[in-house]
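Below is one structure, written out as structure tokens, with a few remarks after it.
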Amino acid sequence: MGTDLVVDGTHDQRPTHPTLHRHHHHTRDGSVVMMTGLQLAILSGAMMATGISVLVWRLAPAPTHLGDAIARLRPGTAEITTTGQFHRPDTETRVGAWAQKHLPAGVWGTPPEHDLAILQRTRTSFYGSKIIAATIGLIIGPLLTLTAMALGVSVPFAIPVIGSIGLGAVLWLMPGAEVKDKARRARAEFSYALGAFVEMVALERLSGSGVPQALQRAADIGDSWAFQRISATLKRTEYTGHNPWDALEDLGNELNLTDLVDLADIMRLAGADGTQIYNSLRARAATMRNALLTNHIAAANRTGERIAIPVGLLVIVLAITLITPAFLRMLT
């Protein structure tokens, strides 16, 4: 009749209804957490819907920014080093190229072009670092939750979800902060090298060298990355036919270095009008040294102010430690 009868001797006959399967999970305190078939169905449906959504999002073409589309037309799958060898893109570059192609342009915001230029990093590599960092942040939460469940600790569902999203957002922003900090230190290092470069250009001009020769010889003297960057820019003008001061101005604008732009303006006066620029170069070098010294003094003052706070707290704690016993003896 639709149900089975169970007969057991003299026991009452009772119908056995189809059993609702339940999955039991024992926690550390002995309580039982039951997951019904309905809950399993809801969880499976949610997972299937998520998978279908990801698949549709993956296959649907994303709106493309015009600048990104033009940038992708340039050959960037392999880079040629100064030794003539091909340098294959690293993991960050490959991930960034995929993400830049499939994700909307509005996801990235405004990239720090000047900071990336001075660090000689591509926008694709920067995007890849953000994707990798955010992915790590999203994975850490579920991994910790699975570890806790394996140890018998019950974790509410909201905690790993909120924690993963928050950690992923924080790690998404970390590559930008790291690039900004590295670029600030790189600009400070470039300013040191540029001060010496201006002095050597002035000496070359005093010895009678022309503007292009003075710039190239001064750049070839140093072996730091800043001198090599300037030297490569100047050597490129030999093949492009551009004026060296224009190339230096473009480099200064690209790296956001006003001192280099000012040097290019001074050299333009000498190259176009034949103006004697020795005194101008020496004055510019002195101004750069004074600016660096002022920055060092300001940084030292900031460090001193930061140190003064914990030192003051330490003195207060020490004073309380010495005064308290005597005060308690007076009360007793």
Those residues of region 296-332 that are surrounded by 10 or more Cβ atoms within 10 Å (Cβ to Cβ) and among the hydroxyl-bearing types (Ser, Thr, Tyr) come to a total of 2
Look through region 117-143, keep the residues that are touching a helix residue (DSSP H, G or I) at 6+ places or on another chain (Cβ under 7 Å) and farther than 16 Å from Val95 by Cβ, and return whichever of them is surrounded by the most Cβ atoms within 10 Å (Cβ to Cβ). Ile118
Say we look at region 204-247 and pick out the residues that are closer than 20 Å to Asn279 by Cβ and of a type in the set (A, V, I, L, M, F, W, C); which of these is surrounded by the fewest Cβ atoms within 10 Å (Cβ to Cβ)? Leu206
Under 6 Å between Cβ atoms, at least 6 apart or on separate chains: pull out the pairs that start in region 107-123 with a residue that is in contact (Cβ under 8 Å) with a residue 12 or more places away in the chain and end on any residue that is of a type in the set (Phe, Trp, Tyr) and part of a helix (DSSP H, G or I). Leu116/Phe126
With the requirement that a residue be surrounded by fewer than 12 Cβ atoms within 10 Å (Cβ to Cβ), outside any loop (DSSP other than H, G, I, E, B) and of a type in the set (Phe, Trp, Tyr), what does region 151-177 give you? none
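Scan region 274-290 residue by residue and report those that are of a type in the set (Gly, Ala, Ser) and touching a residue at least 60 places away in the same chain (Cβ under 8 Å).
Within region 274-290, just Ala285 meets the criteria.
Conditions tested, residue by residue: (1) at pLDDT below 90; (2) in contact with a Lys or Arg (Cβ under 7 Å, 6 or more places away or on another chain); (3) not in a helix (DSSP H, G or I).
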{"residue": "Arg184", "(1), (2), (3)": "no, no, no"}
{"residue": "Arg187", "(1), (2), (3)": "no, no, no"}
{"residue": "Phe190", "(1), (2), (3)": "no, no, no"}
{"residue": "Gly208", "(1), (2), (3)": "yes, no, yes"}
{"residue": "Pro212", "(1), (2), (3)": "yes, no, no"}
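Here's the yes/no breakdown for (1) touching a His at 6+ places or on another chain (Cβ under 9 Å); (2) under 19 Å from Ala202 (Cα atoms); (3) loosely packed, with under 12 Cβ neighbours inside 10 Å; (4) of a type in the set (Asp, Glu):
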| site | (1), (2), (3), (4) |
| --- | --- |
| Thr258 | no, yes, yes, no |
| Asp265 | no, yes, no, yes |
| Ile277 | no, yes, no, no |
| Asn290 | no, yes, yes, no |
| Thr294 | no, no, yes, no |
Scan region 104-148 residue by residue and report those that are hydroxyl-bearing (Ser, Thr, Tyr), outside any helix (DSSP H, G or I) and under 23 Å from Ala226 (Cα atoms). Thr122
Going through region 159-195 one residue at a time, which ones are closer than 30 Å to Leu281 by Cβ and either touching a Ser or Thr at 6+ places or on another chain (Cβ under 9 Å) or among the aromatic types (Phe, Trp, Tyr) (or both)? Glu189, Phe190, Tyr192, Ala193
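The values are calculated or read from the model by the stated rules, or taken from the named source; none is laboratory data. This structure is a prediction, so every number in the text was calculated from the model and none was measured. Cβ: placed from backbone, ideal geometry, glycine included. Neighbour counts: every protein chain shown.
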